[in-house]
Amino acid sequence: MNAPFNKHANNAATHPAFLSIWDIHAYYGESYIVQGISFNIHEGEILALLGRNGAGKTTTLRTIARMDNPELQRGEIWLDHQPLHQMKSYQASAHGIALVPEDRCIIPGLTVEENLKLAQIAPPMGWSIERVYDLFPRLRERRKQDGITLSGGEQQMLAIARALCRDIKVLLLDEPYEGLAPVIVQEIAKTLGIIRDQGITTVIVEQNAVAALKLADRAVILDSGMVVYDGSAEEVLNNEKLRAEYLAI
Ligand SMILES: Nc1ncnc2c1ncn2[C@@H]1O[C@H](COP(=O)(O)OP(=O)(O)OP(=O)(O)O)[C@@H](O)[C@H]1O
Ligand SMILES: [Mg+2]
């Protein structure tokens, strides 16, 4: 692995972490996108997965969630001793992986509450709707509103809330702050901190790298489908060279 900034050499083989990504290679058709990515994440950590446009962040999240596309051709993904690499997406989901995609996937024609109730149909059930409303009071206020008419920030909250209605262990967020005003970004970041305190492990992909790094415990930076940094989020914030080279900030 070409990893000039790799402070913590990957040790998935000897010390299995809560979520271990081990030398994964993934393809869209003939296109070789994820080119041998490895990283570990500990239970209850927030990890920022960063990199320029096209670096392979979304593809990595989709691979972890075991979506049909991309195809994982080599490598292993272990969640709490379960071999996700041998699973389909519905099985990974049943084992506690939740992917909140960039487009948030709110179901039109359903109210906020119906969106949440629908998420609760799939066992095992997670948080109660009341507990979710305590976390997102804005959703309680708008529970009868059609989900698709919510503001961008509220839709993001609903997408996260829906994930919590299932019994999840890992939350994979693809650009949750996209298009949101700084004050809403702060509000969501605060909530993600509370979710971490409840023991949920989070991987956050963000173009707003500074906001993600302020929230995260650790950071992994991708470039051309490979890991170029794996270490503390704070170090990235303080390392101008790293930021300029791989994040253009
Ligand atoms: N369905 C697809 N079929 C073929 N190639 C794809 C597909 N989706 C993405 N790619 C390619 O895979 C590479 C990585 O894309 P990916 O979406 O993972 O990047 P990203 O880091 O999430 O970028 P961004 O910051 O723009 O969201 C890109 O070159 C992209 O063109
Ligand atoms: Mg992306």
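Every number in this text was worked out from the coordinates using simple rules, so none of it is lab data. Predicted model only: the values in this text are computed from it and were never measured.
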For the chain the mean separation of alpha carbon contacts under 8 Å (6+ apart) over residue count, i.e. relative contact order in percent, is 28
Check: C-alpha center the range 234-249 vs C-alpha center the range 94-133, spacing in Å is 35
Sorted by chain and number, the residues with a modelled amide H under 5 Å from that of TYR229, at a separation of 5 or more or across chains, are ILE221
Amide H neighbours of ARG166 at under 5 Å, excluding residues fewer than 5 places away on the same chain, with H built from the backbone geometry, are GLY126, TRP127
Flagged as over-length at 22 Å C-alpha distance, from LYS117/LYS169; LYS190/LYS214; LYS88/LYS169; LYS88/LYS117; LYS57/LYS88; LYS117/LYS214, the pairs are LYS88/LYS117; LYS117/LYS214
